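Colleague: Here you go, one structure.
The values are calculated or read from the model by the stated rules, or taken from the named source; none is laboratory data. Everything quoted here is computed from the prediction, not taken from an experiment. Methodologically, a virtual Cβ is constructed for each residue, glycine included, from the backbone with ideal geometry; neighbour enumeration extends over all protein chains shown. Accessible surface is based on the protein model in full, side chains and every heavy atom, while ligands, DNA and RNA are left aside. Shrake-Rupley method; radii C 1.70, N 1.55, O 1.52, S 1.80 Å.
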Amino acid sequence: MSLDRRKFLGITALSSATLLTGSTHAHEIESKTDEVYGVLVDTVVCIGCRKCEWACNQEHGLSDKDLKSYEDKSVFKEHRRPNASAYTVVNEYRDPADSSKAYSMKVQCMHCNEPACVSACIVGALEKNELGSVDYDAWKCIGCRYCIIACPFQVPAYEYENPLTPQIRKCTFCHERVAKGESPACVSICPNEALTFGPRSKLIDLAHSRFKANPGRYHEHVYGENEVGGTSWMYLTAVDTKHTELPVLSAAPLPPLTEIIQHGIFKSFVPPLALYALLGLIMHTIGDKNEEQEVKE
Ligand code: SF4
Ligand code: SF4
Ligand code: SF4
């Protein structure tokens, strides 16, 4: 993909004064840097309208078979996951100290800085784009589904209902829009500016400025700033993220682990089923270890 970073200078600017005070929730932040882009998801200001789901489905021509209406808030009673016909879903989490306080949380691919799905893919069908998205190439994909097992966020979905040409499906970070200098469809539609698109480092600055400007309103941790080596999509929450659906993960990137296993096993001609089992075991163990660590803290 040919990318012109200067196009981003045309993006609506968030003034540096606003960045410092954190008083405005802007959709987009101007970039003059040479770094990846990201989105800051502020679950404290998200109103759970599900317009982001609608915009994503429109943008990608998806028809979510389970969808009754975007107005239907009864969906929050269950915990949904992104799937092959819905790249993003909005769920709810509650304050453990006061269960009457509910917050909405949009979930999708995190577009990790060091993606485990990329390192697990043996044919290079997944790739981290220089603008931040983790892109999928259906022509290269052989349908092994190692990416599904490797992802610590359980994001990639397989089109089981498409027996002839099944593909891996996940949020694309609207990379075609981003390459043209536009923000992702979900960010553009968000009415309460719960989603902010911009250079990753500026989003981190913005997150910390919101903490400073709103004492007590946030759990002061930018989820994704460091987890698994950092992610392009990051979250602000009202409570400790261990009370949300975001998994407890250390700062250590996962790819070195998945790469060693993948290369070692393929050199030794270990059959695919054994690789599934081993990758699954590792991801399970990492999850358990992180949870144990969290309990000790
Ligand atoms: S469009 Fe924005 S406010 Fe509405 S649910 Fe999505 S993230 Fe929340
Ligand atoms: S969240 Fe999962 S699918 Fe998305 S980039 Fe990270 S490892 Fe890959
Ligand atoms: S970035 Fe694009 S593909 Fe990803 S959730 Fe938003 S609209 Fe959907």
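Colleague: As an exercise: evaluate ILE204 against (1) within 16 Å of ligand 1 (Cβ to nearest atom); (2) within 16 Å of the chain's Cα centre (by Cα); (3) aliphatic (A, V, I, L, M) and give the number of the one condition it does not meet.
Modeller: If we test ILE204 against (1) within 16 Å of ligand 1 (Cβ to nearest atom); (2) within 16 Å of the chain's Cα centre (by Cα); (3) aliphatic (A, V, I, L, M), just (1) comes out false.
Colleague: Let me ask something else about it. Being of a type in the set (D, E, K, R), open to solvent by less than 40 Å² (accessible area, probe 1.4 Å) and within 12 Å of ligand 2 (Cβ to nearest atom) is the requirement here; does ASP135 meet it?
Modeller: So ASP135 passes the test.
Colleague: Take the residues in the stretch 207-231 that are more than 16 Å from the chain's Cα centre (by Cα) and aromatic (Phe, Trp, Tyr), then tell me which one is farthest from ligand 1 (Cβ to nearest atom).
Modeller: PHE211
Colleague: Restricting to the stretch 145-161, name every residue that is over 15 Å from the mean Cα position of the chain (by Cα) and part of a loop (DSSP other than H, G, I, E, B).
Modeller: Of everything in the stretch 145-161, those that are over 15 Å from the mean Cα position of the chain (by Cα) and part of a loop (DSSP other than H, G, I, E, B) turn out to be ARG145, GLU159, TYR160, GLU161.
Colleague: Quick check on my filter: what residues within the stretch 179-194 are buried (at least 22 other Cβ atoms within 10 Å of the Cβ) and either among the polar types (S, T, N, Q) or more than 8 Å from ligand 3 (Cβ to nearest atom) (or both)?
Modeller: SER183, CYS190, ALA194
Colleague: What is the one condition in (1) away from ligand 3 (no atom under 13 Å from the Cβ); (2) crowded, with 23+ Cβ neighbours inside 10 Å that ILE142 does not satisfy?
Modeller: For ILE142, the exception is condition (2).
Colleague: Please give the strands (runs of 3 or more DSSP E) falling wholly within the stretch 28-144 in which 2 or more residues are among the aliphatic types (A, V, I, L, M) and in contact with an Asp or Glu (Cβ under 8 Å, 6 or more places away or on another chain).
Modeller: Here the list reads 89-95, 98-107.
Colleague: Within the stretch 154-174, work out how many residues are more than 15 Å from THR88 (Cβ to Cβ) and surrounded by fewer than 21 Cβ atoms within 10 Å (Cβ to Cβ).
Modeller: So the count comes out to 10.
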